Each structure stands twice: as structure tokens, then as C-alpha cells.
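**Q** Input: one structure, supplied below.
The values are calculated or read from the model by the stated rules, or taken from the named source; none is laboratory data. It should be emphasised that the depicted structure is a prediction, and the values quoted were computed from it without experimental measurement. Cβ placement follows ideal geometry from the backbone for every residue including glycine, while neighbour counts extend to all protein chains displayed.
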Amino acid sequence: MLTDEQKRYQANIELYHSKRPVFSNSLKAFIVGGAICALAQWINNVYMNIFDLTQKEAMSPTLATLILAAALLTGFGVYDKLGQFAGAGSLVPVTGFSNAMTSAALEHKSEGLVFGIGANMFKLTGAVIAFGVLSAYVVGLTRLLVQMLIQ
């Protein structure tokens, strides 16, 4: 429970806080995230049509292209500006993951290849990788057990 003094303080401090533009931020995130996904679909279609790949076969080169593009754009400072504009819209696709790894590598490159880039590149993304591997293991094991029970 808040005391009367704390309630007055909260009411007073709210006068000085600016309103967050939730709708416009959400709209920007939706548009940029959708544009990244539309670009990915276009790249996927290009791989399917030019190299005569199936949709499943075209997924890997599409992801590799997006990861490379995001890493290059991060290196040139473009993706950071996109992230400031779009917020979570630029973080949700795989390009956000690439941006996080590349940013950490660039930040620590002065410390050397092993102790700088190699050691610090996965500080931010290591938890995501570990969770992905663990959840893939759990889902695979669950599927195996369900298949064994059904047969």
C-alpha cells in the first residue's frame, strides 16, 4: 500500500512524464517488420524461381541472405537507425538476431579476435541460442515419446 505522500508524489511526477506514442510506435513496428518479412518472401521467391528450388530448399539460402544483409547493414550503421525508428519491428525477424550479434562483435573488436569478438559476440545472444537448443531438444524428445506411445 502506498502512503498518502507516495500517492501525491506519483500524481505530481506523472505531470512531467511525456505520453508514449504507443499507436504510432506499434504502427512503425508493424510496417517495418512486415516489410522485412515481405522482403524475405521476395528473396525466397527469387531463389525458388532462379535456382528451381522447392519452398523448403529455398528457406536456408533465404535466411542466410537475410542474416548477411543485416550484418552488413549493422556494420554500416544503417540497421541501428532502422531499429531506432521501428523498435521491435526490426528485432523480431532473424535480422534482429544478426544485428545483436554483429553489434556486440563490432563493439569489442578492439580487444582482439578471440578475447574481444569471440568472447563477447555471444553475451547478448548466447541465452537465445541456449534456449533454442534446449527447447528444440525438449520438443524433439516429446515428439519421440508421443510417437512411441502411439505405436
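**Q** Among the residues of segment 9-20, is any surrounded by fewer than 10 Cβ atoms within 10 Å (Cβ to Cβ) and under 24 Å from Leu91 (Cα atoms)?
**A** Among the residues of segment 9-20, at least one is surrounded by fewer than 10 Cβ atoms within 10 Å (Cβ to Cβ) and under 24 Å from Leu91 (Cα atoms), which makes the answer yes.
**Q** Can you find a residue in segment 22-42 that is without any contact (Cβ under 8 Å) to a residue 24 or more places away in the chain and touching a helix residue (DSSP H, G or I) at 6+ places or on another chain (Cβ under 7 Å)?
**A** For segment 22-42, residues without any contact (Cβ under 8 Å) to a residue 24 or more places away in the chain and touching a helix residue (DSSP H, G or I) at 6+ places or on another chain (Cβ under 7 Å): absent.
**Q** Can you tell me which of Val128, Val92 is part of a loop (DSSP other than H, G, I, E, B) and at negative phi?
**A** Selected residue: Val92, the only one of Val128, Val92 that is part of a loop (DSSP other than H, G, I, E, B) and at negative phi.
Conditions tested, residue by residue: (1) touching a helix residue (DSSP H, G or I) at 6+ places or on another chain (Cβ under 7 Å); (2) in the same structural domain as Ala38 (by TED's automatic domain parsing); (3) among the β-branched types (Val, Ile, Thr).
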site	(1), (2), (3)
Thr74	yes, yes, yes
Lys81	no, yes, no
Met101	yes, yes, no
Ala136	no, no, no
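**Q** Let me ask something else. Of the residues in segment 1-23, how many are part of a helix (DSSP H, G or I) and of a type in the set (Val, Ile, Thr)?
**A** 2
Residue by residue, here is whether (1) at pLDDT 90 or above; (2) among the polar types (S, T, N, Q); (3) over 18 Å from Gly34 (Cβ atoms); (4) not in a helix (DSSP H, G or I) holds:
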position: Asn49; (1), (2), (3), (4): yes, yes, yes, no
position: Lys56; (1), (2), (3), (4): yes, no, yes, no
position: Leu63; (1), (2), (3), (4): yes, no, no, no
position: Leu73; (1), (2), (3), (4): yes, no, no, no
position: Ala88; (1), (2), (3), (4): no, no, no, no
position: Ala100; (1), (2), (3), (4): no, no, yes, no
position: Ala104; (1), (2), (3), (4): no, no, yes, no
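**Q** Now for a different question. Given the criteria surrounded by 12 or more Cβ atoms within 10 Å (Cβ to Cβ), touching a residue at least 60 places away in the same chain (Cβ under 8 Å) and closer than 24 Å to Leu63 by Cα, does Gly89 qualify?
**A** yes
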